[in-house]
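Structure first, commentary second.
Bear in mind these aren't lab numbers, they're just calculated from the coordinates by the rules spelled out. What you are looking at is a predicted structure, and each value in this text was computed from that prediction instead of being measured. Reconstructed Cβ throughout: ideal geometry from the backbone, glycine too, with neighbour counts over all protein chains shown.
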Amino acid sequence: MLSIKVDTVKCDGCSLCQLACSFAHMVLNTKTGGQQKFPELPDPLLWVKVCEGEIQIDICRHCENPPCADACVAGAFKVDMERGIVEIDQQKCVGCWSCVMECPFGAIRICSHSDKECTLQSRAFKCDGCSMWDKPLCASFCPTGAVQIARNNNGAAAIQRRQRATLLQKGLSLGAARYVTER
Amino acid sequence: MPQITGDILHVDLSNNTSWRQPVTKNDLLQLLGGRGIGVRILWDLVKPGVDPLGPENILIFGAGLLSGTAAPSSGRTTVTCLSPATGLYLKTNVGGHWGAELKYAGFGHLVIHDRAEKPVYLWIDDNKVEIRDASRMWGLDVRETDISVKKELGDEDVQIAAIGPAGEKLVRFAAVMFSVYHAAGRGGAGAVMGSKNLKAIAVRGSGGVIIAKPTQFHETVLHAREKLLSESGVEGLSRYGTAGSLNAVNEMRVLPSYNFQRSCVDDAHPLSGQCLVEAGYLKRRVACFGCVIGCHRYSTVEKGVFAGSYTGGPEYESLVALGSGCGVFETEPVIKANELCNIYGMDTISTGSVIQWAMECYEKGALSRQDLDGLGLRWGNGQAVVEMVKKIALREGFGNTLAEGVKRAAEHIGGDTHKWAVEAKGLEHSCVDTRSAKAYALAFAVNPRGADHLHTETLAEFGLSPEARALIKKITGDEKYASPYLTEKRAEIVRWHEDCYAVTDCLGFCAFTSTALYGVTPQIMAALFSSATGYDISEENAMNAGRRVVTLEKCFNVRLGASRKDDTLPWRIMNEPSSDRPDSKAVTSEKELNGMLDEYYSLHGWDKNTSWPTKTTLIRLELNNVAKELEDMNKIGEE
Amino acid sequence: MPRYLIIGNGTAGFSAIQAILEYDSDGEITVISLEHHLPYSRVLLTHYIGGHVSKDNLYMTGESFFKQKKVNLLLGAAAVNVDPEQKRVELDNGRVLSYEKLLVATGGKPVIPQHLQKESPDIMGLRTIEDASYIRQKSLSGAKIVIVGGGSLGVELTCALREGGNFPEMVVSSSHVLSRVADDEAAAVIQEQIQSYGIKIWTGEDVTEVVHTSKGVEGVVLSGGQEISCQVVVICKGVQPNREFLDRVLPTIRGIKVDSNMRTDIPDVYAAGDVVEAYELSRQEFCVSAIWPHAIAQGRVAGMNMTGQDVIYEGSLSRNALEIFGLPVISMGITRVPAKRDWDLDVNQDKSSYCKLVYRDAKLVGAVLVGKVEKAGKLQAAIRKAAGIETVLN
Amino acid sequence: MGSGVIKKIVNVIPEACTGCRQCELICSFEQGGSYSPRLSRIRLVKFEDKCLSVPVTCTYCERPICEEVCPVGAMTHDPVTGAAKVNEESCRGCKECANACPLGAIDMHPEKGTAMRCDLCGGDPACVKYCPAGALKYEPPHHSVKEKRRSRVVALNLD
């Protein structure tokens, strides 16, 4: 599953990730629709909020045992191990708001579009892991590394371990000899 | 099948296909796994007339049955194929962490078929198998390969088995290097891998090993561990590594020096494990997967000509082959040469041996300085040794001749030089003087892969430790046979050891645990097999299976046309006493050898004249189809 | 003999099955279901009535699931007695099943007040697919429907019917709809919203009598004396646990009492879902709270523990999410504040939204959100972690 | 917050580690009943070209960030013993803890998807007991610092 690291301390609130997200999904739309008509930017699937210095980035963490899926009364949520994401089948969604109520990251919204023609009207939507891109665009566009995404659930831990060990390694030569023969 | 067995993964490089094959219960119980299953696959797939370096040869990687468990020092892997050095059976056993990772990916064995058009490497990610382009890596040394593969896969924790330039250039004693510094060295498996255009095999396994009777198994493991760690030999082995015994070997006058012209030198200390520690070359003790001993080394050179070299090892065999064998008694050039062998991917024993031979030829005038591209390959010239290692790996100049192995090189140069080529079956003799260690001599002679100790390590015959003497008593009925100069009872000793060694390899234990130290007894191994697989077998069954494996290996060679005349020793061992001990004991004469061979064959139930196993023997070992096939070829022994 | 026996095929039961399969894949599971249906989502019934969901989409899984996982499913059977000594369960069809681990997940049934219990199909609760289909078909045929009770089910049903083109009337005993879910202010907003869609709501009233002739239901009489003519009366006054068959072995007044492992007082008998009385975090007391997320969580915990795991159910947090004609409403924990010192309130209201946070001893214990509800999930997390005021504010 | 009650932790001496992975195997067996480093609460970081292995495990911070960031309060520790607990029911596998832990000491369970954190085997860590190289020590935190001081001075070999 995707491992999504959000570090709001690093975030300077530029909201580029949010833009990149909309963009990512727009390109997908036009891929099918052809390039002639330039579609309006779709809603982003993550949200950056800046209020009196406090920054929030609301994005799905693609939990291994997602509470949203448990809460869904319509069985619209599916954990896709292959792509490593939690995804919504909007055809099944009935817009009951249960998932919104359960997600501790505030990462799910319900579509309330201005134009009532919108097919996803009052259906839940959330991060889809950019599975059509080689890597999630929000992370690739983030200039400060406030959003980092690894495509396996231990990615983060493994990377942390190695980074730290690499630092440690520098200090190791000191007194190493002592342990060589000691048991 | 019990989960611990793991499936056999077949990969055909020619058409990018791969398929799974489960191990049958019968094969598991008869051959135990690892090396046993390996030789079975080889027997089934490689028929006579196959060119070792041709696409029909196959390369089998077999993780020990217990690899991946906490069983002490059980993480070893066996590589099996047709040897480019001997043209006969080859199994070469290696440590490192690769085998366990393969188990975690759900496989016990990996079989490589045919050859790829262009350089490739294999990526096994649990059950996903992918053949990826390796053109950019071709020519890189093992260390660089390891780094670039890990970089490309974006995971530093994958396990990699790779070949270096030597393997690519089909050096006949090229090694497959596991986890960078662990070599499946002898017999040229690396060349076979090179001939298949296969640069590396990267594995990542996220699974685990599930035991049939966990609590029972774990208790036995902890017991075995205790027993092993209480052995008298462990302390020294983990403290000073394999080379810790070098001084003792010298004192026992079995330390091959100056290409086996001498078996003892005044001061071998610079090559000893003790020296590595005291002089501060040793930076770390290193262990293979799950090993509680940790005899592997990590050494660096900080000052002098060879400053900046760092490598796993050097091990005893490397220190002798590249050191005393070449008359080099300084540590640093040996560490350097050892590093080069490691990163170019070459067997240190054979590399050392061919260089020793070249040195002797040069000293005795059979080779001129020009022949050697201007290298002053005199005894003790460490610099020259290091240079020559490079030339061999890259097949530059005379290195190209030596890269063919000492036997072919001697044939090429002609004259008396074949007498100085210390090899049998085409494999360079490993580093113990078999002139004054008779069980070793017998073991070397009958070893299906040629003159070396890693088929049957009969260390016990020296009676160095109480455990060793006890074992000799157990085998022969009397401690007095714990003496390397006796020829009596050698057959018994060798046969017990080769059975035990086979079981050890099949389960993935390190030979040290059962035939150099004796903590992991056949009884314990049988118990572990039973609780791990859920199929109960007795100690006797286990040893029997070991003998079955040994016999099957023999049969494989027989089918290729081998017979008694191949079970021999190097000319020098049999005819030329070492200069420092001119007494009669200092050779293992043809007569002595023949005596021991007769005993050995009859003990096995093999035909004395041809050394071919008899039908009864094969039937007794339930190798009926093998018997059938050999019978059809008229290669079955007379009763 | 079957290892796991599960009575009840609802949300909790199904959730337990999945948990068991996850931890003991070769465990043998048998499920008894009173209804002749595969597990389906009761919460979707109103959406089905409203025409948003097709009948097939009500089901949580297909028959194949039970075949693949080798789960024996006994439809149309009810347990009549449990024998803890023999570890056996007697069914109404005379069969006797033995068990190693038993899960009681029989759910609940609609509460129908004594004086309204009449032999008529048109006086009903809403619990099963059959109920739903009946109401749907009636509403399509333009029948006048009176809904008794202003709880979340009542409101959802009203909305559903209205969206289906029917104009039901609501009879609510308290002063507002959703009195137990939301506070007065929120309730007022919601009530306005409903009325703005042309729904008549009788508050502070109760149905004293149903006018019932040979032709069937003709109307109801309210406590205030008014008479409303109608053809169908749907009573949405909550559910009561189905646990009569346990009365002999587990006498209790309300739901079945369970400990934090979802174990009942009888060894190897577990219970989960609407039938149990579980610890409520915000109120800090044991109570029956019959909502979906609890059924799922309790089912999973029970299932895991039945397979020998040791998992703690940390307790329910009563909560509700509704949509009333496009107006989202989420409430959780304690929404009505007793007039005490150590209680604290924090209310934000503008024309489009209403937000109220409730603190006890400076710890968040409840929230009501109307209109803007994005941060509901974060608030729930805060309540669960008993977060203090300052952390919630950021 | 804070596991102040913890008196002893697993101290790591990378210089002494031979990288045999017995700790991972023993831990995974104790915790998961099978041999699989992926289930181990202590993990090795290997630098194979330098034959170096560095064991990494939970160091029991005074203010455990994993417990702070967990949105559902599944990461807790025993108020009495201080031993870490992960509530498998409430843990949703959001990986916040794994991402937050600066040591990378928290992994996700490959099947269950829940967080895994060292619980010190209830006061007798098996990894320490079975480390053949003496690279793991169960001791008060400050001991390792003392060790460092000493080993450094020894390295200067002043004599």
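Descriptive notes on the structure:
- The label-point distance for C:Leu140 and C:Arg88, in a model that sets each label 7 Å from Cα toward Cβ, rounds to 4.7 nm.
- Cα long-axis angle, helix D:142-155 against chain D (0 to 90 degrees, to the nearest 10): 30
- For the protein assembly as shown, a crude dipole built from +1 on the beta carbon of Lys and Arg and -1 on the beta carbon of Asp and Glu, taken about the Cα centre, is about 1200 debye to the nearest 20.
- Here the Karplus relation 6.51 cos²θ - 1.76 cosθ + 1.60, evaluated at θ = phi - 60°, turns the backbone of segment D:96-103 into coupling constants of 4, 5, 4, 6, 7, 4, x, 8 Hz, with x for every Gly and Pro.
- Positive-end ranking of D:Val128, D:Cys118, D:Met108 along the dipole of segment D:108-155, with charges on Cβ about the Cα centre, is headed by D:Val128.
- Three-way shape label, chain B, alpha-carbon gyration tensor, a/c 1.5: rounded
- For the pair C:Asp265 and C:Lys70, a Förster radius of 25 Å applied to the C-beta separation gives a FRET efficiency near 0.20, rounded to the nearest 0.05.
- 14 Å Cα-Cα reach of B:Lys474 towards aspartates and glutamates, excluding residues that sit fewer than 8 places from it in its own chain: B:Glu461, B:Glu492
- Karplus (6.51, -1.76, 1.60) ³J(HN,Hα), θ = phi - 60°, over segment A:135-151, in Hz, Gly and Pro reported as x: 8, x, 6, 4, 5, 5, 8, 5, x, 10, x, 6, 10, 10, 10, 10, 8
- Within straight-line cross-link reach of A:Lys78, lysines at Cα separation under 17 Å, skipping those fewer than 8 residues along the same chain: A:Lys92, A:Lys126, D:Lys112
- Mean-square fluctuations from a GNM of chain D, with a 10 angstrom spring cutoff on Cα atoms, peak among D:Lys46, D:Lys129, D:Lys85 at D:Lys46.
- In this structure, the residue pairs whose Cα-Cα separation is over 32 Å, taken from C:Lys363/D:Lys129; B:Lys103/B:Lys390; B:Lys103/C:Lys70; A:Lys10/D:Lys85; C:Lys237/C:Lys257, are C:Lys363/D:Lys129; B:Lys103/B:Lys390.
- Counting every other Cβ atom within 10 Å of each residue's Cβ, B:Phe306, B:Phe178 order from fewest to most as B:Phe306, B:Phe178.
- Nearby lysines by direct alpha-carbon distance to B:Lys47 (threshold 22 angstrom, same-chain neighbours under 8 apart not counted): B:Lys91, B:Lys196, B:Lys425, B:Lys554, B:Lys565, B:Lys615, B:Lys628, B:Lys635
- Centroid-to-centroid separation of segment B:606-639 and segment A:76-101 [C-alpha atoms, Å]: 67
- Close amide-amide hydrogen proximity is noted between C:Ile6 and C:Thr30, C:Val31, C:Ile32, C:Leu103, each under 5 Å apart and 5 or more residues distant or on a separate chain (H modeled in the peptide plane; Pro and chain starts excluded).
- Taking a ≥ b ≥ c as the square roots of the eigenvalues of the alpha carbon gyration tensor, chain C is oblate, as a/c is not under 1.5 and a/b does not beat b/c.
- Largest GNM mean-square fluctuation across C:Ser289, C:Ser33, C:Ser133, computed for chain C with C-alpha springs under 10 Å, falls on C:Ser133.
- When the protein assembly as shown is described by a simple charge dipole with +1 on each Lys and Arg Cβ and -1 on each Asp and Glu Cβ, the residue from C:Val146, D:Pro71, B:Gly233 located farthest towards its positive end is B:Gly233.
- Since only B:Thr69, B:Thr215, C:Ile253 are under comparison, the one whose Cα sits farthest along the positive direction of the charge dipole of the protein assembly as shown, derived from C-beta charges on Lys, Arg, Asp and Glu, is B:Thr69.
- Under 5 Å between amide hydrogens, built in the peptide plane, is the criterion, and for B:His296 it picks out B:Val286, B:Cys288 among residues at least 5 positions away or on other chains.
- The HN-Hα couplings worked out from phi for segment C:12-17 by the Karplus form 6.51 cos²θ - 1.76 cosθ + 1.60 (θ = phi - 60°) are 4, x, 5, 4, 5, 3 Hz, whole numbers, x standing for Gly and Pro.
- Each of C:Glu100 and C:Ser196 was given a label point 7 Å from its Cα along the Cα-to-Cβ line. The distance between the two points is 5.9 nm.
- Modelled this way, with points 7 Å down the Cα-to-C-beta line, the labels at B:Tyr535 and A:Gln163 are 4.9 nm from one another.
- Span from the segment B:389-405 Cα centroid across to the segment B:74-115 one, whole angstrom: 26
- Cα gyration tensor shape for segment C:124-242, rounded if a/c is under 1.5, else prolate or oblate: rounded
- Three principal axis extents of segment B:200-273 based on alpha-carbon atoms, in descending order, are 54, 38, 18 Å.
- Candidates C:Lys138, C:Lys351, C:Lys87, ranked by Gaussian network fluctuation over chain C, Cα under 10 Å, top entry: C:Lys351
- Nearest-20 debye value, segment B:3-204 charge dipole, Cβ charges on Lys, Arg, Asp, Glu: 480
- Segment D:68-96 and segment C:161-181: distance between their alpha carbon centers, rounded to Å: 42
- Sites C:Val80 and D:Asp124, calculated FRET efficiency, Cβ-Cβ separation with R0 51 Å, nearest 0.05: 0.50
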